[in-house]
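All remarks here apply to the structure that follows.
The values are calculated or read from the model by the stated rules, or taken from the named source; none is laboratory data. Just so it is clear, the model here is predicted, and its values are computed rather than measured. Backbone-built Cβ (ideal geometry, glycine too); neighbour counts: all protein chains shown. For the accessible areas, the whole protein counts, side chains as well, though only heavy atoms, and no ligand, DNA or RNA atoms are used. Shrake-Rupley method; radii C 1.70, N 1.55, O 1.52, S 1.80 Å.
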Amino acid sequence: MTAVLAVQGDFLEHEKALDALGEDRFEIRCANDLDRPFDRLILPGGESTVQAKLIKELGLFCKLRDAITAGTPVYATCAGMILLCAEAGGDEGCCFRTIPANVKRNAYGRQLGSFYTESEFKGIGIIPMEFIRAPYIESAADDVEIMSVTDGHITGIRYGNQLAVSFHPELCDDTRLLRYFLDFK
Ligand code: GLN
């Protein structure tokens, strides 16, 4: 059973992708939703500052952080990546801080705020990558695995059972990255 954080952002797209693969899922919108057991968690794209605020205001923070630190697999896209990273150069948006990495928000500036490319993802091959006002990883601890580098910037990382990407696989038809995550134990 996959839990999808559904307080803001593109959670519907993640749900459609899970449905297409026949995966059971439910939404986390309020603290009561966390009474349901789940095997893995998805943190969607959106606006990390808004999501971080809502996670705390809705009383979701402690249980979600505890699930992540206990090893529950988590897949985070774009804003979700920011929620997981330890630092964003003093910028707001970090929340769980469970990946020892520095992330730069809106890293591509206004001109290149949104773009599409195809690039290598470790263990999968060339995949489509949709970037929307995306972050990238500026630096990471040695034990953070670099999964993708796009135009010289780190755009995909894995730290134990935490998988975080700068881009939006949920907006593309290619489900290989989601299937890769669903294999996490
Ligand atoms: N720019 C957003 C942020 O800083 C992330 C954008 C996205 O999730 N597409 O949170």
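Observations on the structure shown:
- Residue pairs meeting the criteria (Cβ under 8 Å; at least 6 apart or on separate chains; first modelled with pLDDT of 95 or more, in segment 46-60; second among the charged types (D, E, K, R) and near the ligand (Cβ under 7 Å from one of its atoms)): Ser48/Arg105
- Condition check for Gly80: touching a residue at least 60 places away in the same chain (Cβ under 8 Å) and under 17 Å from the mean Cα position of the chain (by Cα): yes
- Residue in segment 110-128 that is under 18 Å from the mean Cα position of the chain (by Cα), aliphatic (A, V, I, L, M) and in a strand (DSSP E or B) present: yes
- Residue selected from segment 44-89 under the condition in a strand (DSSP E or B) and crowded, with 18+ Cβ neighbours inside 10 Å, by the criterion farthest from the ligand (Cβ to nearest atom): Val74
- Ile132 meets each of the listed conditions (1) in contact with a His (Cβ under 8 Å, 6 or more places away or on another chain); (2) surrounded by fewer than 20 Cβ atoms within 10 Å (Cβ to Cβ); (3) without any contact (Cβ under 8 Å) to a residue 60 or more places away in the chain; (4) among the aliphatic types (A, V, I, L, M) apart from (3).
- Hits in segment 151-185 - residues which are more than 14 Å from the ligand (Cβ to nearest atom), assigned to a helix (DSSP H, G or I) and closer than 24 Å to Glu138 by Cβ: Leu177, Phe181
- Residue that is farthest from Asp173 (Cα to Cα), among those in segment 103-123 that are open to solvent by 40 Å² or more (accessible area, probe 1.4 Å) and more than 14 Å from the ligand (Cβ to nearest atom): Gln111
- Those residues of segment 145-171 which are more than 15 Å from the chain's Cα centre (by Cα) and surrounded by 15 or more Cβ atoms within 10 Å (Cβ to Cβ), in sequence order: Val149, Thr150, His153
- The one condition from (1) more than 16 Å from the ligand (Cβ to nearest atom); (2) modelled with pLDDT under 95 that Ile28 does not meet is (2).
- Qualifying positions in segment 98-140 - acidic (Asp, Glu) and more than 30 Å from Ala70 (Cβ to Cβ): Glu118, Glu120, Glu130
- Of all residues in segment 1-43 being assigned to a helix (DSSP H, G or I) and under 15 Å from Lys63 (Cβ atoms), the one that is least open to solvent (accessible area, probe 1.4 Å): Leu34
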